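Heads up, the thing below is written out as structure tokens.
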Amino acid sequence: MLTKKQYELLKFIERRLSESSVSPSFDEMKEALGLKSKSGIHRLITGLEERGFIRRLPHRARALEILKLPDNNQPVARTASPEHAVGNSGFSPNVIEGHFGRREETAFETPTTQDGIQLPLYGRIAAGTPIEALRDNSNHIEVPPSMIGTGDHYALEVEGDSMIEAGIQDGDTVIIRRCNTADNGTIVVAMVDETEVTLKRLRKRGDSVALEPANAAYKTRICGPDQVRVQGQLVGLMRRY
């Protein structure tokens, strides 16, 4: 699934390629989507590439190839979120914070069975919607109790191959402990610019926050501290063969 802006950009690129076989420029994409800077387009392109919807053709400027379109050509709804400041005024060399307002104080009840713990399955990590807006407890996954520690947990399906060198593959189910802080080097669910949810390794680099993929084919994304909200930390993984 894609965010509204990712979907709009993908359809715009598809339309331009069908009309002229030439990819639109970043300025044209920026104007079409009503964005103020080309950096926003760069993030959208990166997100589409990580999710396998487009490919940048090497050694050719402005060359994009569409690999697939979303199921039913329908985007997911984008839900606005409240406070999104990251960090605080104190010195914190090893911990990166992403504030949730007061939402993290409210826990949900975790159903249990004789064989395991039922966790809410919120959908794919590329959903592009704040995790707290996805609390649809109609879908669950049964998880062994040994995988769950203290705190609130939820599950997400992984889309894309940006974390394969960390052993996380497309289609895996990751178990996430809900939190709004993370130690440097941990793998987290992060909301970027209130428009995209991604699973990446988190590091603090001076005044910036780095979201590191575990795949040499993708670049590390460097964000400002007010661009990223931590929404949970990876604690487990399940895979079907």
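Looking at the P(r) of the range 157-241, how many percent of alpha-carbon pairs lie beyond 19 Å? I get 32 percent for the Cα pairs in the range 157-241 exceeding 19 Å.
Remark: the A217-D183 segment gains 9.8 nm on full extension, using 0.36 nm per residue and subtracting the alpha carbon distance. Label point of M147 set 7 angstrom out along Cα-Cβ; within the range 219-241, amide nitrogens under 13 Å from it belong to 234-241.
What's the carbon and sulfur percent of the range 182-232's accessible surface, probe 1.4 angstrom, rounded to a whole number? Carbon plus sulfur share of accessible area: 45 percent.
Hull surface divided by four, with the convex hull built on the Cα atoms of the range 1-48: how many nm²?
Mean shadow area of the hull around the Cα atoms is 3.1 nm².
When H140, H42, H153 are compared by accessible surface with a 1.4 Å probe, the order from highest to lowest is H42, H140, H153.
The values are calculated or read from the model by the stated rules, or taken from the named source; none is laboratory data. Treat the numbers as computed from the prediction; the structure is a model and nothing was measured. Please note: Cβ atoms are built from the backbone with ideal geometry, for glycine as well, and neighbour counts cover all protein chains shown. The area values use the complete protein model at the heavy-atom level, side chains included, leaving out ligands, DNA and RNA. Shrake-Rupley method; radii C 1.70, N 1.55, O 1.52, S 1.80 Å.
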